[in-house]
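*Asks:* Just dropping this structure here.
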């Protein structure tokens, strides 16, 4: 060792995400998927290693197929044929935006008599659009099977491979190189969350290693017998130390210094005490939020996350409705490409459909359109009004983005703005939190020029105004990505189209308005569904139905079984 003093080196490990390169391997007559042809196997690896990622994918499969296909007298045989493969192909669809099914025809080639799911990681495509299948691409001794696509099969072929894949846009394989994808294979549907998934794996490894190693954290290692003579000696020593002392599996980083000491024993100084794990906890929360967003999940509650949020029954119902409409229906249609292909081939003309998974209702009373009883201002009515007076919040204290008549099946279906990309949503969320341009640039790591472009795009899309404040459209976009930012609340209102009463009077309250309606409207309050259900339980009457009675509609000259008023639902931003 030489006698140079205090040469300081700061080392850390890096992780390179495997690239989904598509190169032709002429020796195997395939298009490789990934540099080493094992990209799908790596995708499966991160699925099994990240609990959050795995839970989301399995939850998506549940919401997509667990209610089964709608059965009729004519499609029962088709359902029995395809049902065994649905879970496998849906899991592959969620993992990699593709699935493969081996189909075997009857001897007379008039029907598909057998189907078998082929795991996507076994399949490689050929230049001519056919397929080669191996259970282990790392072992040259394992047999490779060849299958044609349905389009390419010969007349005497009894077996072919059905493929579905989401067609991706062409993209750069690496940002700074002129190497593009050729779209033989799909892009991961959660590609924007891959680094967050990897981070979550490392955070989990770190936590385990901390426990195993008695919470030994960041360390300064001073080697006191001088610096190594050559760069190669120094690098070899550093590599051997870092291999055993750093990374999430050996929690804590190591700073290595070389110098002359009073003795040759190394000096070890712990730098961070027990504070590093707190930063990991904060990082873990951000990482898991990014994983949810990368998976197009607007509510972690649907997958068992965010238990401590601002959720109520309405929020959960709304989150599921939106997730079903914007995501699950799309996935079901992609699975039905195969199901309807088999049905049509086997002579079933009807279009197959999935049943919808219904999530449990959480202690709520359902409104009903049954005729309403007429109530006078008696003790029961006074008791109901007294309960309403002690609950809810003033309408004037809450920002209402949208209002409509109560609609439990498809709430606020028409009011949502188109989805923004991941960066746009990230920036818009920070704007909604009141962050400045500089604070957003620092928090996101987006360079100022690119961030200015995002701000301009948000302005052009009317997500922010000229003062760069979030607008109603912007808030709706934020809610679409994160339903924790919204709450559905209820108010007692005049029905749309009933603003004008008898004798041409207009307004929520007119001379013929009954006392119950008059006083409840005068309270001018918003209530959660839970609050209204609580009042129902206390009174022993369904207060969703407790309102004014028969009403003579002057526009139609007909009597109607309820008054001019109803419960309305309000979309609020929090």
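The values are calculated or read from the model by the stated rules, or taken from the named source; none is laboratory data. Predicted, not measured: the structure shown is a model, and the values here were computed from it. With ideal geometry, Cβ positions are generated from the backbone for all residues, glycine too; neighbour counts draw on all protein chains shown.
*Asks:* Can you pull out every residue in the stretch 24-40 that is in a loop (DSSP other than H, G, I, E, B), modelled with pLDDT of 90 or more and out of contact with any strand residue (DSSP E or B) (no Cβ under 6 Å at 6 or more places or on another chain)?
*Replies:* Hits for the stretch 24-40 are 26, 27, 28, 29, 33, 34, 36, 37, 38.
Matching residues to (1) closer than 25 Å to residue 569 by Cα; (2) at pLDDT below 85; (3) in a helix (DSSP H, G or I):
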{"residue": "427", "(1), (2), (3)": "no, no, yes"}
{"residue": "449", "(1), (2), (3)": "no, no, yes"}
{"residue": "480", "(1), (2), (3)": "yes, yes, yes"}
{"residue": "490", "(1), (2), (3)": "yes, no, no"}
{"residue": "498", "(1), (2), (3)": "yes, yes, no"}
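*Asks:* Let me ask something else. How many of the residues making up the stretch 390-405 are surrounded by 13 or more Cβ atoms within 10 Å (Cβ to Cβ) and either free of Cβ contacts under 8 Å to residues at least 24 places away in the same chain or farther than 9 Å from residue 526 by Cβ (or both)?
*Replies:* 5
*Asks:* Restricting attention to the stretch 347-369, does a residue exist that is modelled with pLDDT under 65, over 18 Å from residue 488 (Cα atoms) and either in contact with a helix residue (DSSP H, G or I) (Cβ under 6 Å, 6 or more places away or on another chain) or buried (at least 16 other Cβ atoms within 10 Å of the Cβ) (or both)?
*Replies:* So in the stretch 347-369, the residues modelled with pLDDT under 65 come out as 361-369.
After this cut, where a residue has to be over 18 Å from residue 488 (Cα atoms) as well, the list is 368-369.
Among the residues that remain, those that are also either in contact with a helix residue (DSSP H, G or I) (Cβ under 6 Å, 6 or more places away or on another chain) or buried (at least 16 other Cβ atoms within 10 Å of the Cβ) (or both) are: none.
No, the stretch 347-369 contains no residue that is modelled with pLDDT under 65, over 18 Å from residue 488 (Cα atoms) and either in contact with a helix residue (DSSP H, G or I) (Cβ under 6 Å, 6 or more places away or on another chain) or buried (at least 16 other Cβ atoms within 10 Å of the Cβ) (or both).
*Asks:* Could you grab me the full set of residues in the stretch 370-396 that are at pLDDT 60 or above, in contact with a helix residue (DSSP H, G or I) (Cβ under 8 Å, 6 or more places away or on another chain) and assigned to a loop (DSSP other than H, G, I, E, B)?
*Replies:* 391, 392
*Asks:* Let me ask something else about it. Looking only at the stretch 458-504, count every residue that is without any contact (Cβ under 8 Å) to a residue 40 or more places away in the chain and more than 30 Å from residue 385 (Cβ to Cβ) and tell me the total.
*Replies:* 11
*Asks:* Say we look at the stretch 500-525 and pick out the residues that are in a loop (DSSP other than H, G, I, E, B) and over 19 Å from residue 394 (Cβ atoms); which of these is modelled with the lowest pLDDT?
*Replies:* Only one residue tops the list, namely 501.
*Asks:* So residue 439 ticks every box in (1) surrounded by fewer than 17 Cβ atoms within 10 Å (Cβ to Cβ); (2) modelled with pLDDT of 75 or more; (3) in the same structural domain as residue 543 (by TED's automatic domain parsing) but one. Which box is left unticked?
*Replies:* So the condition that residue 439 fails would be (3).
*Asks:* Could you check how many residues of the stretch 42-57 are part of a helix (DSSP H, G or I), in contact with a helix residue (DSSP H, G or I) (Cβ under 9 Å, 6 or more places away or on another chain) and touching a residue at least 24 places away in the same chain (Cβ under 8 Å)?
*Replies:* Of the residues in that region, 11 qualify.
*Asks:* Go through the stretch 63-80 and give me each residue that's in a helix (DSSP H, G or I), crowded, with 21+ Cβ neighbours inside 10 Å and over 21 Å from the mean Cα position of the chain (by Cα).
*Replies:* Passing the criteria: only 78.
*Asks:* Might you let me know whether the stretch 100-118 holds any residue that is buried (at least 18 other Cβ atoms within 10 Å of the Cβ), in the same structural domain as residue 57 (by TED's automatic domain parsing), in contact (Cβ under 8 Å) with a residue 60 or more places away in the chain and out of contact with any strand residue (DSSP E or B) (no Cβ under 9 Å at 6 or more places or on another chain)?
*Replies:* no
*Asks:* Specify which of the listed residues (83, 60) is buried (at least 18 other Cβ atoms within 10 Å of the Cβ) and either in a helix (DSSP H, G or I) or touching a helix residue (DSSP H, G or I) at 6+ places or on another chain (Cβ under 7 Å) (or both).
*Replies:* 60
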